[in-house]
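Report on the following structure.
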Amino acid sequence: MDAPALLQRFSAAKSRRSVWEAHWQECYDHALPHGGGFGPGGSPGERKSDRLFDGTAADAVEQLAASLLAQLTPPWSRWFGLAPGPDLDDAERDAAAPVLEKAAITLQSHFDRSNFAVEMHQCYLDLVTAGTACLLFEEAAPGDYSGFRFTAVPLAEAVLEEGADGRLDGTFRRSELTLAQLRLRFPDAAIPDALEREAARDPQVRFPVVEAVLKDGPAYRYSVILDSGLAEAAVLAEGRFARSPFINFRWLKAPGETYGRSPVMKALPDIKTANKVVELVLKNASIAVTGIWQADDDGVLNPGTIRLVPGTIIPKAVGSAGLTPLATPGRFDVSQLVLDDLRRRIRHALLVDRLGQVSDGRMTATEVLERSAEMSRLLGATYGRLQSELLTPLMMRAVAILRRRGEIPDVAVDGRTVEFQYRSPLAQAQAQRDVQATLRWLEVAGGLGKDAEAAVDHAAAARWLGRSFGVPGELVRAAPAAE
């Protein structure tokens, strides 16, 4: 497709997105004031919380995003692994396990040295607030500290298309870059003379650029279009990717919709009501502090010059009432009851009361398991979607980059010969039930006597528990070869 056709497709996709923008902006205004930016105007650094009076939702969004980061992709912790697939026999498994373990360590080191944790946290904030997030996963230049470079793409810049399989595999990103940034990112691009002259007058002037990553058979076609208005729309760069560098994911999805829906959308009526209640409480408090006054118009008292501060002497005519307070019709104490209930419902909708930090440091093992089971139940469906739309594409692209760079072996992660193992706290919580049932069976079998104990293959049970707990492969002794 040429540049005009791509821009036309981008405009059509942006028009379909426009019905969401007012809803997104309302969510950002009340729950993440520094995000958003879907309306006209606005500038970097401006204040965006002047109309925000209650910070319950903003605090809950921060806590839920932090919980997702800690439970799904914890920084500097092994939240994934590579394991031999089911198609390998025991001998092949024993030979492949240490190689895959070393490859997983290499992958983890690149994630730890990159800006993954910072940008992923911003994506989780967008996910919780708007229900949809976009992460740009690029390969860093040779010689950089890490081979990975991540960018949390603001939802205002991302325009998405859903493919036939239900995945968000079509991505447009409209951003603005200076001429220096254009040359740095697209060194082989032919820059029009009109842009050169405009940048000579003001080096900080920015030019609109549309990046398009669209499905093209089994691969993805990448195009960069200059849409500055100073010159004819032209393609600055083109390429192909085996996997899309844009990773788009959703909290949950309503049938027939492309973009996701968020927990903030569900709690938005309570959030707006709580914000209005706090605004009215503050207005009532200002009246209670300063009061409402009345005075006779006797030609002596000028209300415009009165300052109600301690020590002020207010003149009045002899025999007049002067300045007297006006009694308020009632009290506003019921507002606190309403506000407490609203805040509790907001925290409940954003899972703060169920996924927050453990305040009691003396929890028993049973309480820990029950809390893990509760977490698995609450985030089970969401975790399944995030595993499909975020974690698997993220790991597949990471493996492809390091394979191409020659830093890990040329392995095929297809689920048969090599498979991913998700070892995040949330993934481990989902496996706790199976582990608990197995440990209970071993305990019961041990109490039934020698005959029942003989039915237990303790070595195989230990290896299975090691895999379930995510124990490194070099710590598990291989099964002895059959004679």
The number of residues in the stretch 72-105 that are in a helix (DSSP H, G or I) and either farther than 15 Å from residue 419 by Cα or open to solvent by 40 Å² or more (accessible area, probe 1.4 Å) (or both) is 11
Within the stretch 106-125, the residues that are within 14 Å of residue 398 (Cα to Cα) and open to solvent by less than 40 Å² (accessible area, probe 1.4 Å) are 106, 107, 108, 109, 110, 111, 114, 116
Those residues of the stretch 174-193 which are open to solvent by less than 20 Å² (accessible area, probe 1.4 Å), farther than 23 Å from residue 247 by Cα and in a helix (DSSP H, G or I) amount to 179
Residue set 429, 398, 381, 437; condition at pLDDT below 80 and closer than 20 Å to residue 134 by Cα; output residue 381
Filtering the stretch 11-33 down to residues that are within 16 Å of residue 275 (Cβ to Cβ), assigned to a helix (DSSP H, G or I) and without any contact (Cβ under 8 Å) to a residue 60 or more places away in the chain yields 25, 29
Within the stretch 127-154, the residues that are open to solvent by less than 10 Å² (accessible area, probe 1.4 Å) and closer than 17 Å to residue 37 by Cα are 127, 128, 129, 130, 131, 132, 133, 134, 153
Flagged pairs (Cβ under 8 angstrom, 6 or more apart or on separate chains; first in the stretch 228-240, of a type in the set (S, T, N, Q); second part of a strand (DSSP E or B) and open to solvent by 60 Å² or more (accessible area, probe 1.4 Å)) are none
Conditions (1) modelled with pLDDT under 85; (2) basic (Lys, Arg); (3) assigned to a helix (DSSP H, G or I) -> residue 477 fails only (3)
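Per-residue answers, yes or no, for (1) under 30 Å from residue 29 (Cα atoms); (2) of a type in the set (S, T, N, Q):
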{"residue": "73", "(1), (2)": "yes, yes"}
{"residue": "91", "(1), (2)": "no, no"}
{"residue": "103", "(1), (2)": "no, no"}
{"residue": "109", "(1), (2)": "no, yes"}
{"residue": "131", "(1), (2)": "yes, no"}
{"residue": "150", "(1), (2)": "yes, no"}
{"residue": "161", "(1), (2)": "yes, no"}
{"residue": "178", "(1), (2)": "yes, yes"}
Taking the stretch 1-29 and keeping only residues that are open to solvent by less than 80 Å² (accessible area, probe 1.4 Å), of a type in the set (S, T, N, Q) and more than 22 Å from the chain's Cα centre (by Cα), one is left with 11, 15
Inset, instruction - Examine the stretch 429-438 for a residue that is part of a helix (DSSP H, G or I), among the polar types (S, T, N, Q) and out of contact with any helix residue (DSSP H, G or I) (no Cβ under 8 Å at 6 or more places or on another chain), and state whether such a residue exists. - result: no
Taking the stretch 389-416 and keeping only residues that are open to solvent by 50 Å² or more (accessible area, probe 1.4 Å) and either assigned to a helix (DSSP H, G or I) or not hydrophobic (A, V, I, L, M, F, W, C) (or both), one is left with 403, 404, 405, 406, 407, 409, 410, 414, 416
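The values are calculated or read from the model by the stated rules, or taken from the named source; none is laboratory data. The structure presented is a predicted model; accordingly, all values stated were derived computationally and were not measured. For neighbour counting, all protein chains shown are included, and Cβ atoms are generated from backbone atoms with ideal geometry for every residue, glycine included. Accessible surface areas use protein heavy atoms only, side chains included; no ligands, DNA or RNA. Shrake-Rupley method; radii C 1.70, N 1.55, O 1.52, S 1.80 Å.
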